[in-house]
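The values are calculated or read from the model by the stated rules, or taken from the named source; none is laboratory data. Bear in mind the structure is a predicted one, so any value in this text is a computation, not a measurement. Please note: Cβ atoms are built from the backbone with ideal geometry, for glycine as well, and neighbour counts cover all protein chains shown. SASA here: full protein model, heavy atoms, side chains in, ligands and nucleic acids out. Shrake-Rupley method; radii C 1.70, N 1.55, O 1.52, S 1.80 Å.
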Amino acid sequence: VVALTFDDGPRHGSCEQLLDLLREEDVKATFFVVGKSIYTFSDLLFRIHREGHDIGNHSYSHCSLDFADEETVSEELERNNEL
């Protein structure tokens with residue numbers, strides 16, 4: 001089993017091309033989205049959902065969570081989940 005995942009989006013350009021290719025090949029993927037991009041690229045997010053792909057949480061602001069305290073990590077993930 002192979003799982004395709006894409007991070008840090010969505011954004012115009014390569015995302016449309018990628019979605020076109022996935023549709024042509026009848027392949028599903030998981031897109032981990034950054035919350036700050038959701039409003040700007042909502043059309044792409046709706047397309048990702050409409051075409052049957054999974055959507056995951058890649059934090060709200062894409063800050064480095066490696067060294068963040070528990071409260072910051074929680075806020076980043078919860079804020080993105082709300083969107």
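Here are the numbers:
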| item | result |
| --- | --- |
| Residues of the range 36-60 classified as under 16 Å from Glu78 (Cα atoms) and within 10 Å of the chain's Cα centre (by Cα), total | 7 |
| The listed residue being surrounded by 14 or more Cβ atoms within 10 Å (Cβ to Cβ), among the β-branched types (Val, Ile, Thr) and in contact (Cβ under 8 Å) with a residue 24 or more places away in the chain, out of Thr30, Thr5 | Thr30 |
| Exclusive hit being part of a loop (DSSP other than H, G, I, E, B) and either surrounded by 14 or more Cβ atoms within 10 Å (Cβ to Cβ) or not charged (D, E, K, R) (or both), set Gly52, Gly56 | Gly52 |
| Scan of the range 1-27 for residues that are closer than 22 Å to Ser59 by Cα and not in a helix (DSSP H, G or I), ordered by number | Ala3, Leu4, Thr5, Phe6, Asp7, Asp8, Gly9, Pro10, Arg11, His12, Gly13 |
| Of all residues making up the range 59-70, the number that are surrounded by fewer than 11 Cβ atoms within 10 Å (Cβ to Cβ) and modelled with pLDDT under 90 | 3 |
| Residue check, Leu77 closer than 20 Å to Ala3 by Cβ, part of a helix (DSSP H, G or I) and out of contact with any Asp or Glu (no Cβ under 7 Å at 6 or more places or on another chain) | no |
| Residue ID - most open to solvent (accessible area, probe 1.4 Å), chosen from residues in the range 33-49 that are in a helix (DSSP H, G or I) and polar (S, T, N, Q) | Ser42 |
